[in-house]
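As structure tokens, the structure follows; a few thoughts come after it.
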Amino acid sequence: MSTSTPSSPSSKVTFDFTGRKALVTGSNSGIGYAVAEGFAKAGADVGLNSFSNTDEDHAKAKHLADLYGV
């Protein structure tokens, strides 16, 4: 009797959002920031949105813009 392990599908999925816009609410930390970064990495122009309006929030937006050119 032969046993084999099924191959798992690739967990690396790529998306192209070049030229698209994304507004991510709650994007100043946690999951929201990770989603915003994912959109930026995929080429989207991203708007970050949160209840706070701190220098740290602005620095995070600038970081994504500088890093991904969006």
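The values are calculated or read from the model by the stated rules, or taken from the named source; none is laboratory data. Being a predicted model, the structure only gives us computed values, none of them experimental. Every residue, glycine as well, gets a Cβ built from its backbone with ideal geometry; the counts of neighbours run over all protein chains shown. Accessible surface areas use protein heavy atoms only, side chains included; no ligands, DNA or RNA. Shrake-Rupley method; radii C 1.70, N 1.55, O 1.52, S 1.80 Å.
As a summary of the residue check, Leu67 satisfies the conditions (1) hydrophobic (A, V, I, L, M, F, W, C); (2) open to solvent by 70 Å² or more (accessible area, probe 1.4 Å); (3) touching an Asp or Glu at 6+ places or on another chain (Cβ under 6 Å) except for the one numbered (3). Residues of the range 24-38 that are out of contact with any helix residue (DSSP H, G or I) (no Cβ under 9 Å at 6 or more places or on another chain) and within 18 Å of Tyr68 (Cα to Cα): Gly32, Ala34, Val35, Gly38. Taken over the range 27-57, the criterion of being over 21 Å from Lys12 (Cα atoms) and surrounded by 12 or more Cβ atoms within 10 Å (Cβ to Cβ) is satisfied by Ser27, Asn28, Ser29, Asp45, Val46, Gly47, Leu48, Asn49, Ser50, Asp57. Look through the range 1-27, keep the residues that are in a loop (DSSP other than H, G, I, E, B) and hydrophobic (A, V, I, L, M, F, W, C), and return whichever of them is modelled with the highest pLDDT. Looking at residues that are in a loop (DSSP other than H, G, I, E, B) and hydrophobic (A, V, I, L, M, F, W, C), I get Phe17. Selection over the range 30-55 of residues that are part of a strand (DSSP E or B) and not acidic (Asp, Glu) gives a count of 4. Criterion applied to Ala59, Ala36, Ala65 was being at pLDDT 95 or above and of a type in the set (A, V, I, L, M, F, W, C), and the one residue passing it is Ala36.
When residues in the range 32-70 are screened for being among the hydroxyl-bearing types (Ser, Thr, Tyr) and on the phi > 0 side of the Ramachandran plot, 0 of them pass.
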